[in-house]
Ligand SMILES: Nc1ncnc2c1ncn2[C@@H]1O[C@H](COP(=O)(O)OP(=O)(O)OP(=O)(O)O)[C@@H](O)[C@H]1O
Ligand SMILES: [Mg+2]
């Protein structure tokens, strides 16, 4: 082993710049491979699951209850809760599966002071004051609320447990079923209870299942919302009249959010607007408008990635060939340069297999080192589907080594020691 | 010590077959110092390579003490070379990317020896050949005579019984040639068996026996 390292090192020094050039090529190849891998894994999950939603235009609804004084006045009206509930029900009735409510609102969860929770904190990526938040007994965790239509249309894939049933979207008075993102899997089991507060109301969450890694959903505001670190809650319907004033306020705030959903539609914009006007009229609620329409949140991403993907494929393919060619050429050149040295090694007691192993080790090193660096970097920075990624890189590594060692192997096969000694003279 | 019987080796060169060894017989006794002469292309190097276990004959018997080298496979021959043969390749073959010490230590790298043992053995050989001060030099800074001493040192490092030298003095001046020949004579006095391929009558005269190679066979010259 020691001997192999020594020989590889000497050999690398012999054609230094060529070797460096090859290492750079290989790094670039692994890099492009990484991009391809990423776009591929993401496109796969998108195309299968979300392609149906891709063609649609997103109309974001917004209540007009601003500024605060106007909102306050509305909330103080005795029938405001009824109004909100009616509006919500009419939105669902009118638009049916086109009305999707997907809201990103944190939930406070009672947790110990363990830094493993940090990445789950609401605003973790945006630089929330983690240390301060940690001191609270209820920690603000990332969560999304989703209505039944949203849940079915996004068809969120689970790795464990069961999805939401229709009843789960109606509040039963004590517990709320939730689905947890994949990163929660090590810390909870299906059936576990979690003590939480949602809009200042005490609740018990029941873990009903876990979402597959790298699952994302989207709405008007979030082109890609990866659920791995999220708690997914059903957007609840309250069938019973609130008993206390606090309860009433909670329900009002909750329904105020529910009505700010998104219409996913392939109809003409005027049809959507007309239907919305209809809903406003029958619900006797006028402070509501379409905030904006967006027809290419996903569309745009799809086509952009698609174009890049083809380009990447061409680049990866040609770089692959260039890498294999240059390694083969370098190795054959070194093989010929080294006739004399190889004869000396043989006379010193080496076998041909040992000599071949030096060349092979050099190829291993030249391909393996950049591969290892890129893989480690990937683990540090991206981490998505690391197992698959490592497998892909290992295969790429093996294929490059095998193919580029082949010409050299053939040279060794037909090598006669006498000619080696002959040429060494 | 060595018996060669009816060795044959030929090469296909295009359509033609060239018989390099053609029923060669040779007997070498322990402690012999042997010169092999012959025209260029007569097969001297081929014979030496077969003796070294680097190359094989197409047919015939090569017996070294009790063992039949001609029956061995490549790995066994590598073991044999390592243990018993000191080979001085034509034109002071040294590896440029290694310094003097590493060139001499090379055969030891193929044996399982500790750093200390390698150090000791190389030191001893360096001292024997009086080239201790060269040990950390790069080989391309050496003179021809120095290079040949280093090559001899490498051939001696495993303390082999049989030393094979292919044109060891071909490119050296008379003075240096004499020094190298002195080294060979000393080795022979210590009991080593030497086979030296040479074109040079001066070198041949140093040896007890001189063989002439011709038509794929060797025959002794009696002067
Ligand atoms: N690998 C080979 N393929 C074809 N012919 C070979 C091969 N090796 C040696 N020969 C031929 O075998 C013959 C003997 O070669 P060898 O090297 O043994 O001669 P030599 O006596 O050592 O010559 P020199 O004094 O020039 O070193 C030559 O004709 C040579 O061309
Ligand atoms: Mg020769």
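Where a ≥ b ≥ c are the square roots of the eigenvalues of the C-alpha gyration tensor, would you call the stretch B:111-221 rounded, which needs a/c under 1.5, or, failing that, prolate if a/b is larger than b/c, or oblate?
The shape class here is prolate.
Give me the distance between the Cα centres of the stretch B:134-212 and the stretch A:56-77, rounded to whole Å.
If we compute the Cα centre of each part, the gap is 101 Å.
Strictly greater than 44 Å: what percent of every Cα pair in the protein assembly as shown meets that?
Beyond 44 Å sits 50 percent of the P(r) for the protein assembly as shown.
Where does the Debye-calculated log10 I(q)/I(0) of the stretch A:56-295 sit at q = 0.07, 0.11, 0.13 Å⁻¹, using only Cα point scatterers of equal weight, no solvent?
Results for the stretch A:56-295 at q = 0.07, 0.11, 0.13 Å⁻¹ read -0.24, -0.59, -0.84.
Helix-derived [θ] at 222 nm for chain B: sum -39500 (n - 2.57) over DSSP H runs of at least 4, divide by residue count, nearest 500? Walk me through the numbers before you get to the answer.
Numbers: 7 runs with 77 residues, N = 223.
Taking each H run of at least 4 residues, the total per residue is -10500 deg cm²/dmol.
With just the Cα atoms defining each centre, how far is the stretch B:67-116 from the stretch A:345-389? Give it in Å.
Centre-to-centre (Cα) distance: 28 Å.
Taking other Cβ within 10 Å of each residue's Cβ, how do A:175, A:86 sort, fewest first?
By the 10 Å Cβ count, ascending: A:175, A:86.
Please express the Cα-Cα pair-distance distribution P(r) of the stretch A:145-279 as a list of whole percents, one per 5 Å bin, running from 0 to the bin with the greatest distance.
Spelled out per bin, shortest first, that is 2, 9, 17, 20, 19, 15, 10, 6, 2, 0.
Using the Kirkwood radius over C-alpha pairs as Rh, can you work out the diffusion coefficient of the stretch A:319-370 via Stokes-Einstein at 25 °C, viscosity 0.890 mPa s, in µm² per second?
205
In 5 Å bins starting at 0, how do the alpha-carbon pair distances of the stretch B:2-109 split up by percent?
It works out to 2, 10, 18, 21, 19, 14, 9, 5, 1, 0, in whole percents.
Taking only C-alpha pairs under 8 Å that are 6+ residues apart, what is the relative contact order of chain A in percent?
The value is 25 percent.
Residue by residue through B:71-82, how many Cβ atoms from other chains fall within 10 Å of the Cβ on average?
The shielding value for this peptide is 3.
What relative contact order, as a whole-number percentage, does the stretch A:56-295 give when Cα pairs under 8 Å and 6 or more residues apart are counted? Kindly include the intermediate steps, with their values, before the conclusion.
Numbers: 433 pairs, mean separation 83.0, N = 240.
Taking the mean separation of contacting Cα pairs over the length of the stretch A:56-295, I get 35 percent.
Relative contact order (percent) for the stretch B:2-220, with alpha-carbon contacts under 8 angstrom and 6 or more residues of separation? The partial results should precede the final answer.
Details: 395 pairs, mean separation 69.7, N = 219.
After rounding, I find 32 percent.
Just tell me how shielded B:37-47 is by partners: mean number of partner chain Cβ atoms within 10 Å of each residue's Cβ, no decimals.
Numbers: counts 0, 0, 0, 0, 0, 0, 0, 0, 4, 3, 0.
Average neighbour count from other chains, rounded to a whole number: 1.
Considering only DSSP beta bridges with both partners in the protein assembly as shown, what is the antiparallel share in %, to the nearest 5?
Around 65 percent antiparallel, to the nearest 5.
Per residue, what volume in Å³ does the Cα convex hull of chain B take up? Spell out each step's value before the answer.
On the way: hull volume 29.8 nm³, N = 223.
Hull volume over Cα atoms, normalised by residue count, gives 134 Å³.
Write down the percent of antiparallel bridges among all DSSP beta bridges whose residues are both part of the stretch B:2-220, to the nearest 5.
On the way: 22 of 40 bridges.
About 55 percent, rounded to the nearest 5.
What ranking, highest mean first, results for peptides B:24-37, B:180-193 when packing means the other Cβ atoms within 10 Å averaged over each residue?
On the way: B:24-37: 18.4, B:180-193: 16.1.
In descending order of packing, they fall as B:24-37, B:180-193.
Would you calculate the separation in nanometres between label points at residue A:270 and residue B:29, each defined as 7 Å from the Cα along the Cα-to-beta-carbon direction?
Between residue A:270 and residue B:29, the label points sit 12.1 nm apart.
Peptides A:209-220, A:192-203: what's the order by average Cβ count within 10 Å, highest mean first?
Highest to lowest by the protection proxy: A:209-220, A:192-203.
Averaged over B:55-62, how many beta carbons belonging to a partner chain fall within 10 Å of each residue's beta carbon?
The per-residue average across the peptide is 1.
As a test of the formula, what do you get for chain A when each DSSP H run with n ≥ 4 contributes -39,500 (n - 2.57) and the sum is divided by the residue count, at 222 nm and rounded to the nearest 500 deg cm²/dmol?
Value at 222 nm, helices only: -18000 deg cm²/dmol.
None of the figures in this text is laboratory data; all of them are computed from the coordinates on show. No experiment lies behind these values; they were computed from the predicted model shown. Cβ: placed from backbone, ideal geometry, glycine included. Neighbour counts: every protein chain shown.
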